[in-house]
Structures are given as structure tokens and as C-alpha cells.
Amino acid sequence: MNTDTNKTTRNLPPVNLLCVISMAFVIGAGVYMVSEIPYAPNYAVVFSLVIVSLLVFLVNVAMLAKVSMFNWKVFFQVIRWTLVAYAVISGVLIYVFVFDKMSSKSLSLLIAALILFALNVPLNIAFTVAQYQ
Amino acid sequence: MTDTIINSQQQSSFRIVPAAGLCVVGVVVAALIVAVSTNSLWAIDFFHVVGGATWTILDLFLGFVIGPILGKLSVSARAEFTKKFMPKMLLIMPTVVLCTLAAGFQLARHQDRLVANYHLHLWLIASYIVVAIMALIALGILEPANVAVLFELKKPTPNGEVIAKLMKRFIYSAGATGAMQIATLVIMTRLATS
């Protein structure tokens, strides 16, 4: 009996799928905002997309937190370093937007979107790695 | 045989993230920040063109050359290749993507191409959408599979079935991003010659 394979087929929440959905909303918000430059985007639309992404992310984290049989050690080992990597990536992008003197409203929403992006990618990677451990 | 347990002798001590490569990434990111902060058109263009070309070529090569070859190799041969190839890709891809996007945004702003009344604005939006889809595939499917394979290979007895399953995911998503890069080439050559 192959125990490793059983580990991959056990009942785990759809963390990967929810991460992709959450990322799709923030990336959508970013694309919409950038495509409206130099005009102000419809902030209600952008705000809604970011909030939906945040909600999906929180649901995802809540579902994952309830999992008992999981290699949390490896999960935290991976998420720690990927968070550092994606904080650097998002930090550089935020620097570009700050450097371009983007309006404070747009900048706040873009920063919120980038933070959500920088949380979702490490969560997705760490979960994928840990589920096979 | 998909559930082949790869011989533990094949498992070697390799680093998932090569430390020396991190120094190179640090230098490149620092240079990118300098390019943006000095607003040098040449430097911004350099980072966008070099980063974009590297990104596109790597995706096309992975998707249409390396991917199909990997698919035909035995699981142990794939594992051997992956151990040497993937750690480098873990550092190269995020770096070239960051350089391309950050410098590309600055370049478009520099050349007044971000404005909504730019006559090829729709082409620009199309490029954002293509990049968005590629980002979702790469960050949602490809990169997690890549890291998970490396962790599997670090085990004393890596599971061939898990590696085969994750590599299949990697090969298909690399093919999809490769196909999307053709759209990028069409859009970028259109924008560059306008």
C-alpha cells in the first residue's frame, strides 16, 4: 500500500483552487485600475474585487486551519520563505507605483491587492508542498 | 510503472533554492530599483526587453521543447533532470517576470502609452489580460508543482507516482504559458512598431 499516494487523495479543503480564485480577483482589480490610467477607475468596482478576494482568502485560511492531519512543520517552513520572496516582489512593485506618484486612493487599493497577492502565492505553494509530506 | 519508488541512491543532497543564485537575484533587483529611480529610459528599456525576451523564450522553450521531451522520459530521468533544472528556475522566473513588469510599466508611462486615449490602448489592455492569465497559471499551478517536486525529491525515498503526477501538471501548464507567450509576441511587436 502506497502511503504517500493515500496522503494526496485524503480529504483536504480546495486550498489551491481558492488561492487561484482569490488571486484572479486581485489581478482583475489591478488590470482594471491600470487600464483606466490616467482617469480614476470606478473605485466601487475595484474595492468590491479586493474585498471578494480577501473574503475568499479568509475562508481558505479558515478551512485550512481546521485540517488536523497535516504536515504543519513543512507548511510553515515553506510559507515563511515564500512570504519573504513575495514580499520583496510586491515591495518592488509598490515602490514603482509610489515613485509614479499614483493617487492615494488608487495606491491604497493597489497595495491591498498586492498584499493579497503576496499572501495567496505562498499559501498555495506551501499547501501544495505540505499535502504530499 | 507509475508507482515506481525512485531508488534512494539517486536522491542527492541538492539545495531547493541555490544560495549563490540568491546573490545574483539581489543584484538584479537592486539594479532594477536603480533603473526605475533614476528614470533612465535606456535602463528601463533594457530591463523590459531583456526580462521580457528571457521570460518569453524560456516559456516557449519549456512549453514546446523541454516539456514534451520530459513527458517521454522515465520518472527517474525526469527526477534527475528536475533536481538540476528546477532550483534554477525557481530563482530565474520570478526575477525576469518582476523585471519585465516593473520596467514595462515604467516604460509605458515614460512613453505616454498608459493613457486611455493612446491609439493602441486596447492592445495594451490585451497584454495585461494575457499577463494576468499567465500569472494565474504560473503561480497557481506551475510554481507550486515545481516546489512540491523538489521537496519530494529531497525525501530519502521519493515517490515516483507523486513526481509523475506533479510533473504532468508542470508540463501541461508550461505548454499553456508557452501558447500564451505567442499572444504576447504578437501584442508586443505590434506595440513596438506603432
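May I ask you to give the percent of accessible area on the protein assembly as shown that is carbon plus sulfur, with a probe radius of 1.4 Å? Provide the component values of the computation, followed by the final result.
On the way: 11130 of 15340 Å².
Of the solvent-accessible surface of the protein assembly as shown, carbon and sulfur hold 73 percent.
Between B:Val17 and A:Ala65, what FRET efficiency comes out of the Förster formula 1/(1 + (r/R0)^6) with R0 = 30 Å and r the beta carbon distance, rounded to 0.05? With a Förster radius of 30 Å, E is 0.65. Calculated accessible area for segment B:11-192 comes out at 44 Å² per residue, all protein chains present (probe 1.4 Å; ligands, DNA, RNA ignored).
Using the Kirkwood radius built from alpha carbon pairs, what does the Stokes-Einstein equation give as D for chain A at 20 °C and 1.002 mPa s, in µm² per second? The diffusion coefficient I find is 134 µm²/s. The modelled label-to-label distance for the pair B:Ala179/A:Tyr95, using points 7 Å beyond Cα in the direction of Cβ, is 3.7 nm.
Of the chymotrypsin sites (Phe, Trp or Tyr not before Pro) found in segment A:28-133, the ones in coil according to DSSP and having at most 13 other Cβ atoms within 10 Å of their Cβ are A:Tyr39. A Förster distance of 30 Å, applied to the separation of the beta-carbon atoms of B:Ala30 and B:Gln111, puts the FRET efficiency at 0.75.
Shape analysis of the protein assembly as shown based on the Cα gyration tensor places the equivalent ellipsoid semi-axes at 35, 23, 17 Å, largest first. The lysines whose alpha-carbon is closer than 20 Å to the alpha-carbon of B:Lys88, local same-chain residues fewer than 8 away aside, are B:Lys154, B:Lys155, B:Lys168. Taking the Kirkwood radius as Rh and the Cα radius of gyration as Rg, segment B:60-134 has a ratio of Rg/Rh equal to 1.17.
Axis angle, to the nearest 10 degrees, between helix B:160-192 and the longest C-alpha principal axis of chain B: 20 degrees. Here is the size of segment A:34-83 from its Cα atoms: Rg then Dmax, 16.9, 50 Å. Using alpha carbons only, how many degrees (0 to 90, rounded to 10) separate the axis of helix B:75-110 from the longest principal axis of chain B? Between helix and principal axis, roughly 10 degrees.
Relative to the longest principal axis of the Cα atoms of chain B, the long axis of helix B:121-137 makes an angle of roughly 20 degrees.
Residues in segment A:15-21 carry Karplus couplings, in order, of 4, 4, 4, 5, 4, 5, 5 Hz; the curve used is 6.51 cos²θ - 1.76 cosθ + 1.60 with θ = phi - 60°, and Gly or Pro positions show x. At q = 0.12, 0.16, 0.19 Å⁻¹ the log10 of I(q)/I(0) for segment B:1-155 amounts to -0.64, -0.98, -1.23, computed by Debye summation with a single uniform scatterer per C-alpha, solvent ignored.
Output the residues of segment B:107-128 meeting this criterion: accessible area (heavy atoms, 1.4 Å probe) in the chain alone minus accessible area with all protein chains in place is 30 Å² or greater. Residues of segment B:107-128 that lose at least 30 Å² of accessible area once the other chains are added: B:Leu114, B:Ala116, B:Tyr128. Normalised per residue, the accessible area of chain A is 48 Å², obtained with a 1.4 Å probe and no contribution from ligands, DNA or RNA. Chains B and A together bury roughly 3200 Å² of accessible surface, counting both sides and using a 1.4 Å probe on protein heavy atoms.
The values are calculated or read from the model by the stated rules, or taken from the named source; none is laboratory data. Note that the structure is a prediction, hence the values are computed from the model and not measured. Note: ideal-geometry Cβ built from the backbone for every residue, glycine included; neighbour counts use all protein chains shown. What goes into the accessible areas is simple: the full protein's heavy atoms, side chains included, and nothing from ligands, DNA or RNA. Shrake-Rupley method; radii C 1.70, N 1.55, O 1.52, S 1.80 Å.
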